Each structure stands twice: as C-alpha cells, then as structure tokens.
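The values are calculated or read from the model by the stated rules, or taken from the named source; none is laboratory data. Note that the structure is predicted; figures quoted are calculated from it, not measured. Cβ atoms come from the backbone with ideal geometry, glycine included; neighbour counts cover every protein chain shown.
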Amino acid sequence: IKLTANNLESLIIHDNGIIELPLQSGINYKNVNVIGTQQVIPDGFSTPLIFDTKVFDQGDEFSLSKSGPFTAHADSATNNLKSVGAFASAAVGMWCWNLTDHTYVRITAVVDDDNVTVTPAVNDTWDGDTFWWFNSKFVADEAGLYVVTTTLSFRNMASGKIGSLLLFKNNVITRQWGGYSHGATNTWVSMTQSAELAATDYLEILALHDHGSDITLIGLDQTFNINILKVA
C-alpha cells in the first residue's frame with residue numbers, strides 16, 4: 001500500500017507489515033573535524049557544537065555552514081570584529097571560533113562584508129588571530145514533537161569535574177545533562193530529550209565544563225553526533 005502527497009510517496013505499508021514514512025523529518029550529523037582540528041571547549045563557557053558532516057537529513061532541515069580561515073582585526077574591548085571579505089555570506093546568529101585562543105563569539109549584526117558586531121565583546125587579544133565562522137542548528141519545517149539525542153566525549157577531564165550538554169531552543173536553554181568524571185580520563189555525555197517545536201523554531205546543542213582549562217572533544221562518529229526525529 002502506498003499513499004502520496006504532492007506526487008511524493010509519504011506512506012508505504014510493505015507486505016510484511018513494516019510501515020515506511022519516506023518524508024518523515026529526521027536528521028543525523030556527526031563531527032569529523034572538517035575544519036581541520038578537533039573542537040576545543042573553553043572552561044566555563046557554554047559553547048556551540050559543530051556537527052560538520054551529514055549522515056542523512058530527510059528534509060534538509062539542518063542548517064550547516066562554515067567558512068574560514070580568516071585573520072581577525074579587533075581593537076581593545078570592542079563589539080566589532082573585522083576581517084577583509086570574511087563575512088560576505090555570514091548572518092546574524094552565526095558563531096565565530098578563534099582557533100588561536102579558543103574563544104567564541106556570536107554575530108549580532110552584519111555591518112558589511114568586512115565587519116560584524118558580536119557578543120561577548122572581543123578585544124585586542126583577537127587581533128591577528130585565526131578564526132572560522134559557522135552555523136550548526138536544526139530548523140523545523142513543521143510544528144510537532146521531536147526527539148533529540150546527542151553524544152559527545154570530553155578528552156582527559158579532571159577527576160570530579162562535570163561536562164554537560166545543553167539543549168537550546170530559539171537561543172533559550174531548555175535542558176542540561178551532565179556527566180561526572182571519575183578519573184583523569186575521557187568523559188562521555190549523552191542526552192535524549194523531547195522538544196515541542198513550531199515551524200521555523202530552531203535547536204542548538206552547546207557544551208559546558210568546569211575542568212579548569214580548555215578541553216578538546218573527541219571527534220569520532222560514535223562520540224560526537226546528533227540525531228533528531230519527528231515523532232508526532
């Protein structure tokens with residue numbers, strides 16, 4: 001049995017009773033270090049995760065873009081980040097990752113191709129540093145209930161410290177899951193959470209830890225990935 005919508009197969013019931021929903025919203029992305037380095041998370045800062053490689057994306061709902069490397073130009077204590085031609089295709093809400101000192105800022109306005117305003121403020125420590133900008137979020141096409149599953153691993157986190165995954169909806173935190181390190185070893189954290197979304201609502205996953213210094217994530221298929229599935 002097959003049902004179609006707009007000339008596309010939307011429901012298939014096979015002879016063995018298995019039901020297939022070819023158009024059902026669902027994504028799976030992973031991090032395999034496309035930027036060329038494993039992602040580094042600074043201490044005490046809620047940091048957006050880069051899921052840089054598509055496994056599948058049924059409705060093209062995951063917004064993934066990245067560009068770099070660029071050389072930053074910044075004065076002391078300013079909300080302006082400059083780099084010649086760097087922001088021609090950038091947009092409000094995207095993130096900039098300083099690969100030199102592993103700080104992150106979010107774009108709040110695009111002034112022109114060479115200049116954006118950001119938060120938090122950058123200062124002269126960014127001047128001359130290398131950075132990328134990126135976008136890594138799920139944007140719902142249809143309203144409904146979605147299930148989100150994410151996994152990552154903090155490398156060599158100190159004993160007694162906590163690494164967390166944070167689920168943000170429309171830039172507001174809705175859930176936080178933490179993993180406790182029982183020794184100076186890799187600490188895995190997994191999160192499964194439902195989210196009620198309206199059309200165009202978006203989800204982002206951020207990471208947070210209290211290790212005391214920067215931590216490098218382990219960028220492997222099974223340790224750094226996100227799955228989102230519409231269930232109702």
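Things worth noting here:
- Qualifying residues in region 43-64 (those that are over 24 Å from residue 143 (Cα atoms), surrounded by fewer than 19 Cβ atoms within 10 Å (Cβ to Cβ) and at pLDDT 90 or above) - the one nearest to the chain's Cα centre (by Cα): 46
- When the test is whether a residue is among the aromatic types (Phe, Trp, Tyr) and surrounded by 20 or more Cβ atoms within 10 Å (Cβ to Cβ), residue 168 does not pass it.
- Count - residues of region 35-71 that are among the β-branched types (Val, Ile, Thr), more than 16 Å from residue 150 (Cβ to Cβ) and not in a loop (DSSP other than H, G, I, E, B): 2
- Selected residue [exposed (fewer than 14 other Cβ atoms within 10 Å of the Cβ) and polar (S, T, N, Q)] from 123, 135, 79, 98: 123
- The single condition among (1) under 17 Å from residue 148 (Cα atoms); (2) among the aliphatic types (A, V, I, L, M); (3) surrounded by fewer than 16 Cβ atoms within 10 Å (Cβ to Cβ) that residue 92 does not meet is (1).
- If you go through region 72-109 and pick out every residue that is acidic (Asp, Glu) and in a strand (DSSP E or B), you end up with 0.
- Residue count for region 138-158, restricted to those that are of a type in the set (D, E, K, R) and more than 14 Å from residue 31 (Cβ to Cβ): 2
- Selected residue (criterion: modelled with the lowest pLDDT) from residues of region 109-153 that are farther than 24 Å from residue 164 by Cα and among the charged types (D, E, K, R): 124
- Filter pass, residue 91 being outside the structural domain of residue 48 (by TED's automatic domain parsing) and either out of contact with any strand residue (DSSP E or B) (no Cβ under 6 Å at 6 or more places or on another chain) or without any contact (Cβ under 8 Å) to a residue 12 or more places away in the chain (or both): yes
- Scope region 178-206; condition surrounded by fewer than 18 Cβ atoms within 10 Å (Cβ to Cβ) and either basic (Lys, Arg) or over 17 Å from residue 138 (Cβ atoms) (or both); matching residues: 178, 180, 182, 183, 184, 185, 186, 188, 190
- Within region 1-42, considering residues that are hydroxyl-bearing (Ser, Thr, Tyr) and closer than 15 Å to residue 137 by Cα, the one modelled with the lowest pLDDT: 25
- Those residues of region 25-34 which are buried (at least 19 other Cβ atoms within 10 Å of the Cβ) and either assigned to a loop (DSSP other than H, G, I, E, B) or over 14 Å from the mean Cα position of the chain (by Cα) (or both), in sequence order: 25, 31
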